[in-house]
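The values are calculated or read from the model by the stated rules, or taken from the named source; none is laboratory data. This is a predicted model, so every value here is computed, not measured. Cβ: placed from backbone, ideal geometry, glycine included. Neighbour counts: every protein chain shown.
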Amino acid sequence: MECLNATYIISSVNTSILQLLDNVSYDLIANDTEGAERENCKDFTFSHPMSNPVILWISLVLYGIVFLVGFIGNSLVIYVVLRYSKMQTVTNFYILNLAIADVTFLAGLPFLMFTMYYKSWRFGYEMCKIYMTSTSVNQYTSSMLLTILSADRYLAVCHPIAATNLRTPNISKVVALTGWMVSALLILPIFMYANTVPSPRGLNCNIVWPEFYYGLPIFTIYSFFAAFAVPTSLIMVFYCMVVQKLKTVGPRQKSEEKKKSHRRVTRLVLTVVTVYVLCWLPYWIIQMQIFIFAPGPGLGHVLTNLSVLSGILTYCNSALNPVMYAFLSDNFKKSFMKACVCAQRSEVNKILQAEQSQLSRKRSEKLSRARSLNASTRRDVLMINEKTPNDVSNTGTSTGTMTTYIPLDNGETK
């Protein structure tokens, strides 16, 4: 007889490595005896990947770098698209939404890092739901937006006449909003079943499915197809048609400059999509391996450590997008440089204003002291002038404006 107590609760859709860390230990209890009663059951538990301090601190440093690079880079993308009218194209509007999704996704990293360090969730039930829901929404939205970007490239290159009516700012806003809403609907199960779970280390933030043995594998497959397989397949179809069209377009059909512009934008979007697939494919392979094929303890331990690495890759994808924009798009590169120069000028202006203010204060103080000294000097002079008329010398000579009288021998006065 076998007794199996599985406490392996994990969300396969949530992109955060938090679920992989919180649930890598599970109990596989095998009964070595025969009979109706449980006797001599042996417990088997995976070791927590973060129990090694070296791995823990390396992971924290890597996550910190990814957070800083990704958060600053995507915030800069949002700023330049909103700030400069030249950047407000249909394609860049979708990139703007992708940057918003990446920033929101990366905003969960501090919670993850804190939980990795303390090995428990310390932010309560409400924050657990918010964290799970937001990271899942942004995972789905990223794949949706990349599919939309690929479809937008297909329209622009393969159907340029129809694109003039379909690729407008208003339609792009409706399409992007639809992508966000569809993503929110697809992750409703995450919102419903996200919960805090007691563990020996405290509380875990996780997805608690009502039927573990059936709900989890089914939702894993559903998530794989909805968030990765179907969007990736559509992207491949769109780009196959785009590449074929770019190869067959003759020189008379479009100007050389127009074709170069199409190729540049297509190369940018294709690179972003390729990096997305490379960063997310290992994650989904490991998820499917763990939850569908149920590996044994030996392979499970290896997959647990690999799952940590795959989780880092998913966050790296969000940090790499702004870097790719800077290297592959001249417009983004110039806008980034312009924003940085403006920031430097603003900082220099603040320093100059502070120095000017300090100089003005010093000049004001000097002028005030000079005025005070002049006023004091004038008072002294007035006092001297008031005393001088009464101070006539015995020789008959007086100072100031008084007339000097000198007696003559004949009695006349000169």
**Fill in**
When residue 123 is run through (1) closer than 24 Å to residue 315 by Cβ; (2) among the hydrophobic types (A, V, I, L, M, F, W, C); (3) touching a residue at least 40 places away in the same chain (Cβ under 8 Å); (4) buried (at least 18 other Cβ atoms within 10 Å of the Cβ), the failure sits at (4)
**Message:** Against the definition (modelled with pLDDT of 90 or more and in a helix (DSSP H, G or I)), how does residue 75 come out, yes or no?
**Reply:** yes
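For (1) modelled with pLDDT under 80; (2) outside any helix (DSSP H, G or I); (3) under 30 Å from residue 265 (Cβ atoms), each residue gets a yes or a no:
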{"residue": "325", "(1), (2), (3)": "no, no, yes"}
{"residue": "338", "(1), (2), (3)": "no, no, yes"}
{"residue": "346", "(1), (2), (3)": "yes, no, no"}
{"residue": "360", "(1), (2), (3)": "yes, no, no"}
{"residue": "367", "(1), (2), (3)": "yes, no, no"}
{"residue": "389", "(1), (2), (3)": "yes, no, no"}
{"residue": "401", "(1), (2), (3)": "yes, yes, no"}
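So that you can scan it fast, the table gives a plain yes or no per residue for (1) polar (S, T, N, Q); (2) part of a helix (DSSP H, G or I); (3) at pLDDT 90 or above:
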site: 115; (1), (2), (3): yes, yes, no
site: 127; (1), (2), (3): no, yes, yes
site: 131; (1), (2), (3): no, yes, yes
site: 139; (1), (2), (3): yes, yes, no
site: 149; (1), (2), (3): no, yes, yes
site: 163; (1), (2), (3): no, yes, no
**Prompt:** If you check every pair at least six apart or on different chains, which have Cβ atoms under 7 Å apart with a residue in region 326-342 that is surrounded by 15 or more Cβ atoms within 10 Å (Cβ to Cβ) first and a residue that is not in a helix (DSSP H, G or I) second?
**Reply:** 335/84
**Request:** Return a yes/no flag: does region 86-101 have any residue that is of a type in the set (Lys, Arg) and either modelled with pLDDT of 90 or more or more than 22 Å from residue 321 (Cβ to Cβ) (or both).
**Result:** no
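Which one is nearest to residue 243 (Cα to Cα) among residues in region 128-138 that are in contact (Cβ under 8 Å) with a residue 24 or more places away in the chain and surrounded by fewer than 24 Cβ atoms within 10 Å (Cβ to Cβ)?
Per the criteria, the residue is 137.
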**Message:** Quick check on region 198-223: of everything there that is outside any helix (DSSP H, G or I) and closer than 23 Å to residue 139 by Cα, which residue is modelled with the lowest pLDDT?
**Reply:** 209
**Request:** Determine whether region 229-246 contains at least one residue that is loosely packed, with under 13 Cβ neighbours inside 10 Å, among the charged types (D, E, K, R) and modelled with pLDDT under 90.
**Result:** no
**Message:** Which pairs turn up if I take residues in region 94-118 that are closer than 26 Å to residue 148 by Cβ and look for partners that are of a type in the set (Gly, Ala, Ser) and surrounded by fewer than 24 Cβ atoms within 10 Å (Cβ to Cβ) with beta carbon separation below 7 Å, at least 6 apart in sequence or on another chain?
**Reply:** 94/172; 94/176; 97/176; 103/75; 104/134; 108/134
**region 187-231: number of residues that are touching an Asp or Glu at 6+ places or on another chain (Cβ under 9 Å) and among the polar types (S, T, N, Q)** = 3
